[in-house]
Amino acid sequence: MTTLQHQARALGDPTRHEIFRYVAEADGPTDVAELTAHFGLNHNAIRQHLAKLVDADLVTETTAPPTGRGRPKLLYTAAPSAESRWGVTGPYERLSHLLAEIIRTGDTAVEVGRREGHRLRGDGDEPVTVADVEEAMARQGFAPETRPKRGRVDVVLQNCPFESTALDDPETVCALHLGIAQGLVEGSDALSVDELVPKDPRRAGCRLQLHVEDPA
């Protein structure tokens, strides 16, 4: 069964489709407790629906940082690769909006990316952390992995959601992503972006180098 058929079958259940839309439209990751409260179903039913959505590559499952005793809770977000036909903005649709903004405004790719980083960050007053940058990059489909270094943190982007476009015009695509990272951390006293070290998008592994004042 192709991915498209698999996804269509997973979304054929009306309740599961509503759960998917709820996760996709949420401002941040959701958990089983939130979904249980919203839909009035028991935990096991919610978990079964989520498992099918994860299996169909419609939703991603991550583990929240531990906060005490017991298992860390599982968090769910819409898979960045989910096609826009399911009511989710796919990666190339997001890229097309950014490229159109470059054409419309005449601004550089870095400037447009920086504004997108501001939008992703939102209006919160809390200081931006490395974890916030990692989460934002994960939601964009980069599959980031954080690697602490002396005086800095490397966020290794293990997937390029814009592979074919990046092959044609790596300068523009990489500049957009550098700008997004800069916009995310702008105004932070403890975190700044040093550079984005590009790699072949077919193999991924680009490194976003963040300078941290306090590595701890």
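The values are calculated or read from the model by the stated rules, or taken from the named source; none is laboratory data. Owing to the predicted nature of the structure, the values given are computational and were not obtained by experimental measurement. Cβ sites come from the backbone with ideal geometry, for glycine too, and all protein chains shown count toward neighbours. Just so you know, the surface numbers come from the protein's heavy atoms only, side chains and all, with ligands and any DNA or RNA stripped out. Shrake-Rupley method; radii C 1.70, N 1.55, O 1.52, S 1.80 Å.
Here are the numbers for the structure shown:
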read-out: Sequence-separation-based contact order of the chain, relative, with Cα cut under 8 Å and 6+ spacing, percent; value: 16 percent
read-out: Heavy-atom SASA rank of PHE162, PHE39 (probe 1.4 Å, accessible area, largest first); value: PHE39, PHE162
read-out: Trypsin sites (Lys or Arg not before Pro) within the stretch 145-216: DSSP coil, no more than 12 neighbouring Cβ in 10 Å; value: ARG150, ARG202, ARG203
read-out: Against the rule of thumb 2.2 N^0.38 Å, how large the Cα Rg of the stretch 105-185 comes out; value: 1.11
read-out: Surface accessible to a 1.4 Å probe, HIS38 within the full protein complex, Å²; value: 110 Å²
read-out: Ellipticity estimate at 222 nm from DSSP helix runs (n ≥ 4, -39,500 (n - 2.57)) divided over the chain, nearest 500; value: -14000 deg cm²/dmol
read-out: Distant-in-sequence amide H partners of LEU75 (H built 1.01 Å from N, under 5 Å); value: THR62, THR63, ALA64
read-out: Heavy-atom accessible area per residue - the chain, 1.4 Å, Å²; value: 57 Å²
read-out: The chain: most fluctuating residue of ARG16, ARG94, ARG104 per GNM, C-alpha cutoff 10 Å; value: ARG104
read-out: Under 30 Å from LYS73, Cα to Cα: lysines that are on another chain or at least 8 residues apart; value: LYS52, LYS149
read-out: Entry for Rg and Dmax of the Cα atoms in Å (calculated from the structure that is shown) out of (i) 16.7, 48; (ii) 19.6, 68; (iii) 18.2, 53; value: (iii)
read-out: Solvent-accessible area, 1.4 Å probe, carbon plus sulfur percent, for the chain; value: 48 percent
read-out: Nearest 10 degrees, 0 to 90: helix 91-105 Cα axis against the chain principal axis; value: 40 degrees
read-out: Accessible-area order (highest first, 1.4 angstrom probe) of the listed residues ILE46, ILE103; value: ILE103, ILE46
read-out: Most mobile listed residue (GLU145, GLU34, GLU126) in the chain, GNM with C-alpha springs under 10 Å; value: GLU126
read-out: Where THR36, THR108 fall by accessible area, highest first, once all protein chains stay in place (1.4 Å); value: THR108, THR36
